[in-house]
Amino acid sequence: QEAAGPMAARYTRAAAIRRGKLEVIVANSTFMQELNFQKSAIVEALARLLPDQKIKDLRFRLGAIE
């Protein structure tokens, strides 16, 4: 929520981190496109907030948010 904002928290969930890439499940394709536009800013925020995770990239995929 801190990295992408409260709106993103409502429509996404983190799935897994593999080789520095965080997989994010997104509720709909419209919001996924918006997140792609903000991708570099989100990655920078995650690197600052979670330095031990060494997140270098994001991968978005559609899925159910529970």
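The values are calculated or read from the model by the stated rules, or taken from the named source; none is laboratory data. Because the structure is predicted, anything quoted here is derived from the model rather than measured. Positions of Cβ are backbone-derived with ideal geometry, glycine not excepted, and every protein chain shown enters the neighbour counts. The protein model used for the area step is the full one, side chains on, heavy atoms only, and it has no ligands, DNA or RNA in it. Shrake-Rupley method; radii C 1.70, N 1.55, O 1.52, S 1.80 Å.
Structure above, values below:
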{"read-out": "Accessible area of residue 31 in the full protein assembly, 1.4 Å probe (Å², nearest 10)", "value": "30"}
{"read-out": "Residue order for 42, 17 - accessible surface, 1.4 angstrom probe, largest first", "value": "17, 42"}
{"read-out": "For the chain, average projected area of the Cα convex hull in nm²", "value": "3.9"}
{"read-out": "Loop-resident sites, the chain, for trypsin sites (Lys or Arg not before Pro), counting at most 16 other Cβ within 10 Å (DSSP)", "value": "19, 54, 56"}
